[in-house]
1. Being among the aromatic types (Phe, Trp, Tyr), modelled with pLDDT of 95 or more, over 22 Å from HIS171 (Cβ atoms) and in contact with a strand residue (DSSP E or B) (Cβ under 7 Å, 6 or more places away or on another chain) is true for just one of PHE89, PHE124, PHE113, PHE43. Which residue is that?
2. In this structure, is SER122 part of a strand (DSSP E or B) and open to solvent by less than 20 Å² (accessible area, probe 1.4 Å)?
3. Would you be able to tell me the number of residues in region 53-74 that are touching a His at 6+ places or on another chain (Cβ under 9 Å) and on the phi > 0 side of the Ramachandran plot?
4. Do we have any residue at all in region 96-103 that's at pLDDT 95 or above, within 14 Å of the chain's Cα centre (by Cα) and part of a strand (DSSP E or B)?
5. Starting from residues that are without any contact (Cβ under 8 Å) to a residue 40 or more places away in the chain and open to solvent by 40 Å² or more (accessible area, probe 1.4 Å), keep the ones in region 85-103 and report whichever is nearest to CYS138 (Cα to Cα).
6. Looking at VAL14, VAL27 in this structure, which one is modelled with pLDDT under 95 and open to solvent by 60 Å² or more (accessible area, probe 1.4 Å)?
7. Within the bounds of region 59-68, is there any residue that is open to solvent by less than 50 Å² (accessible area, probe 1.4 Å) and among the acidic types (Asp, Glu)?
8. Here are ARG228, ARG239, ARG211: which of them is closer than 26 Å to GLY59 by Cα, surrounded by fewer than 19 Cβ atoms within 10 Å (Cβ to Cβ) and modelled with pLDDT under 95?
Amino acid sequence: MLAAATHVAPVTAVPPAVVAVDVGHTVDAPGATSARGRSELSFNLELAAHLVDALQARGLHVVLVNGDGRIESLQARPAVAAAAAAGLFISIHHDSVSAHELLPWRWGGNEQFYNDRWAGHSLFVSRHNPATAHSVLCARTMGAALQRAGFTPTHKNGRRRAYADHAHAVHYYDNLAVLRHATMPAVLFEAGVIRHRAEELLLADPAYQARMADALATGIAACMSAGRAADDEATADARGESVLPE
């Protein structure tokens, strides 16, 4: 007797997840200035390039947003991500300090300004983003991966921004345009404080950039495979927003 035929459903390949990597600032508005006079945009471009490589090495598809530094508006950034069906939007930045905290010094024959008090990375999400909880999860996962790789966060921004996760220096920045206009989970990453003279040198080092990008990509890949937020934004908020640095 012939065995009854069984129907085997065809295997459908799952397309790789898409990550939108946004280069913060533009040629016309290059952001903060480092302790040695470099523009923030130049740091952002370098780290974003390393992050693209690290994400692609993990099998993720990447759309680079503002790769030439000439995007026309803040709203256009998440729009590019949406058009590419990105599952996560991450905007790459480098931090500064307030003008009243800066001290003068001379570098290369010119007067520059620095502050060596604050150093380290931080992350931001918006409660006006429709995927706040997943944004918090991804930011927390990135922060954890960075710390496991030996990077230290700053709590400088806790003076002004409420915490979504104190341990990993994840803050709420609700009205930040690139986060609140995104239709997918969105995180803004401040890689470090370029007004800090020693940290600026690290942030300009290609090997350091590649190591930081690798840690970020590890966190991003873990978050995108997790599928759901660990808890909602209210729970994350209650965990640490009232905790301020010394």
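The values are calculated or read from the model by the stated rules, or taken from the named source; none is laboratory data. Quick caveat: nothing in here was measured; it's all calculated off a predicted structure. Every residue, glycine as well, gets a Cβ built from its backbone with ideal geometry; the counts of neighbours run over all protein chains shown. Quick note on the areas: whole protein, heavy atoms, side chains included, nothing else; ligands and nucleic acids left out. Shrake-Rupley method; radii C 1.70, N 1.55, O 1.52, S 1.80 Å.
1. Working: PHE89 fails: over 22 Å from HIS171 (Cβ atoms); PHE124 fails: over 22 Å from HIS171 (Cβ atoms); PHE43 fails: over 22 Å from HIS171 (Cβ atoms).
Exactly one residue qualifies, and that residue is PHE113.
2. On the way: part of a strand (DSSP E or B): yes; open to solvent by less than 20 Å² (accessible area, probe 1.4 Å): yes.
Considered against the rule, which asks whether it is part of a strand (DSSP E or B) and open to solvent by less than 20 Å² (accessible area, probe 1.4 Å), SER122 comes out as yes.
3. From region 53-74, those touching a His at 6+ places or on another chain (Cβ under 9 Å) are 55, 66, 69, 74; that's our starting set.
Retained after the next criterion (residues that are on the phi > 0 side of the Ramachandran plot): 66, 69.
Qualifying residue count, region 53-74: 2.
4. No, every residue in region 96-103 fails to be at pLDDT 95 or above, within 14 Å of the chain's Cα centre (by Cα) and part of a strand (DSSP E or B).
5. The initial filter retains those residues of region 85-103 that are without any contact (Cβ under 8 Å) to a residue 40 or more places away in the chain, namely 98-101, 103.
From what's left, open to solvent by 40 Å² or more (accessible area, probe 1.4 Å): 98-100, 103.
Numbers: SER98: 28, ALA99: 31, HIS100: 33, LEU103: 35 Å.
Applying the filter and picking the extreme gives SER98.
6. Details: VAL27 fails: modelled with pLDDT under 95.
Residue meeting the stated conditions: VAL14.
7. First, the residues of region 59-68 that are open to solvent by less than 50 Å² (accessible area, probe 1.4 Å): 59-60, 62-63, 65-67.
Those left that are additionally among the acidic types (Asp, Glu): none.
No, there is no match, as no residue in region 59-68 is open to solvent by less than 50 Å² (accessible area, probe 1.4 Å) and among the acidic types (Asp, Glu).
8. On the way: ARG239 fails: closer than 26 Å to GLY59 by Cα; ARG211 fails: modelled with pLDDT under 95.
One residue alone meets the criteria, ARG228.
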